[in-house]
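The values are calculated or read from the model by the stated rules, or taken from the named source; none is laboratory data. Predicted, not measured: the structure shown is a model, and the values here were computed from it. Because the Cβ atoms are built from the backbone with ideal geometry, glycine has one as well, and the counts that use them run over all protein chains shown. Areas reflect the complete protein model, heavy atoms only, side chains present, ligands, DNA and RNA absent. Shrake-Rupley method; radii C 1.70, N 1.55, O 1.52, S 1.80 Å.
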Amino acid sequence: LLLGIDRDKQDENREDYHTIVKFDGESIEEYPLPEFERYISPSYIDYDDRRWDLLAQQLVYRQSSILVDEMLLRNGSHYISADGLLTASETDTMSVRLHDIRLDVLQPLVDKLGYSVAGNINGYANLMALNNGIRLNAEAWIDSVKVNEYEVAPLKFESQWNTRKQRVVFTLKK
């Protein structure tokens, strides 16, 4: 999936870009990421013989903020949703939800590493404080997990922002 992004003609001389870095193992290339504001028409992505419908009201990227307005990526009853505003403020929050996502959607990626995965994941993540090292609070439940045909107990992943230590604390439980 490739999205073309055009700058407004009024903003041609602005240098308000973040950078995308591409590393191919030998060299590094940097590409500017311009600010943008787009309204998204319903569309879809075909991935690994599955159709994922993409719905979103609006996507806005600025150096100081990211707005995702009711984005939904859905394949039947399986979906990933995102909604919210991410800024430097710890009161602005972007929420991401995972519902019944099958881990085998990762299979094309892990095939190259010689692994096979199966299972389901449900959970949420709340992100805050874009410019101050993103704060992350999340929970995810992974069940029916198999790695290379070996069953793994159901797992619960948690993360909480530790204000005193200024870092995220990750926990993985059976």
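Only one of the numbered conditions (1) more than 17 Å from the chain's Cα centre (by Cα); (2) of a type in the set (Val, Ile, Thr); (3) open to solvent by less than 70 Å² (accessible area, probe 1.4 Å) is violated by Thr163, and that is (3). Filtering the range 23-48 to residues that are closer than 30 Å to Ser77 by Cβ and either at pLDDT below 85 or not charged (D, E, K, R) (or both) leaves Arg38, Tyr39, Ile40, Ser41, Pro42, Ser43, Tyr44, Ile45, Tyr47, Asp48.
Per this entry, Val105 is counted among residues that are surrounded by 12 or more Cβ atoms within 10 Å (Cβ to Cβ) and either farther than 28 Å from Arg167 by Cα or at pLDDT below 85 (or both).
Scanning the range 35-60 for residues that are closer than 14 Å to Ile80 by Cα and exposed (fewer than 13 other Cβ atoms within 10 Å of the Cβ) turns up Ile45, Arg51. Going by the conditions given, is Asp143 of a type outside the set (A, V, I, L, M), open to solvent by 40 Å² or more (accessible area, probe 1.4 Å) and not in a strand (DSSP E or B)? Answer is no for this residue. The set of residues in the range 136-174 being basic (Lys, Arg) and either touching a Lys or Arg at 6+ places or on another chain (Cβ under 9 Å) or farther than 19 Å from Leu98 by Cβ (or both) consists of Lys156, Arg164, Lys165, Arg167, Lys173, Lys174. Number of residues in the range 39-57 that are under 30 Å from Ala129 (Cβ atoms) and over 16 Å from the mean Cα position of the chain (by Cα) equals 3. Are any of the residues in the range 83-99 touching a residue at least 12 places away in the same chain (Cβ under 8 Å), open to solvent by less than 60 Å² (accessible area, probe 1.4 Å), farther than 26 Å from Glu37 by Cα and within 14 Å of the chain's Cα centre (by Cα)? No, there is no match, as no residue in the range 83-99 is touching a residue at least 12 places away in the same chain (Cβ under 8 Å), open to solvent by less than 60 Å² (accessible area, probe 1.4 Å), farther than 26 Å from Glu37 by Cα and within 14 Å of the chain's Cα centre (by Cα). Every condition in (1) at pLDDT below 80; (2) open to solvent by 70 Å² or more (accessible area, probe 1.4 Å); (3) closer than 21 Å to Leu127 by Cα holds for Gln63 except the one numbered (2).
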